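Novice: Take a look at the following structure, please.
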Amino acid sequence: MAAYLRTFKNSCDSLASINAPVSQSDMFTFLLAGLPSEYESFVTTAKLQRPKPTMAELRSSLLLHESWLQQMHPITMLMILAYVYPYGATIIRKACFTLDPMLSLS
């Protein structure tokens, strides 16, 4: 995400340097439009916010959302295991202890 945001900013800065600046509103729209599908809920929420977040706020929120997605990925995989395997609960308990020894399941 940091690389995407950096590239986006560099592109906007390059356009501004040749007297073709991108408006804040267009930056907001283009930045969100370029996000992958796993950011769909983020995009929807950002579009509904009033007032619209600043670019700095949007950048910060995107980095936080990326961190959240990375944390949720192992949990999602464990949920898939529970659904796919008939003895998923046992597999999940074993997997959780290898992913996060501090996580306790009852």
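The values are calculated or read from the model by the stated rules, or taken from the named source; none is laboratory data. Note that this is a predicted model, so its numbers are computed, not measured. Counting neighbours? That spans all protein chains shown, and the Cβs are built from the backbone with ideal geometry, glycine included. Ligands, DNA and RNA are excluded from the accessible area calculation, which covers all protein heavy atoms including side chains. Shrake-Rupley method; radii C 1.70, N 1.55, O 1.52, S 1.80 Å.
Novice: Could we say that MET72 is over 15 Å from LEU5 (Cα atoms) and either at pLDDT below 90 or assigned to a helix (DSSP H, G or I) (or both) here? Can you show your working first?
Specialist: Details: over 15 Å from LEU5 (Cα atoms): yes; either at pLDDT below 90 or assigned to a helix (DSSP H, G or I) (or both): yes.
Spelling it out, MET72 is indeed over 15 Å from LEU5 (Cα atoms) and either at pLDDT below 90 or assigned to a helix (DSSP H, G or I) (or both).
Novice: Take ARG59 and tell me if it is at negative phi, open to solvent by 70 Å² or more (accessible area, probe 1.4 Å), in contact (Cβ under 8 Å) with a residue 40 or more places away in the chain and not in a loop (DSSP other than H, G, I, E, B).
Specialist: Spelling it out, ARG59 is indeed at negative phi, open to solvent by 70 Å² or more (accessible area, probe 1.4 Å), in contact (Cβ under 8 Å) with a residue 40 or more places away in the chain and not in a loop (DSSP other than H, G, I, E, B).
Novice: Further question: Which members of the range 1-25 meet the condition of being loosely packed, with under 14 Cβ neighbours inside 10 Å and either among the small types (Gly, Ala, Ser) or touching a helix residue (DSSP H, G or I) at 6+ places or on another chain (Cβ under 9 Å) (or both)?
Specialist: ALA2, ALA3, SER11, SER14, ALA16, SER17, ALA20, PRO21, SER23, GLN24, SER25
Novice: Same structure, new question: Among the residues of the range 25-56, write down those that are part of a helix (DSSP H, G or I) and polar (S, T, N, Q).
Specialist: SER25, THR29, SER37, SER41, THR44, THR45
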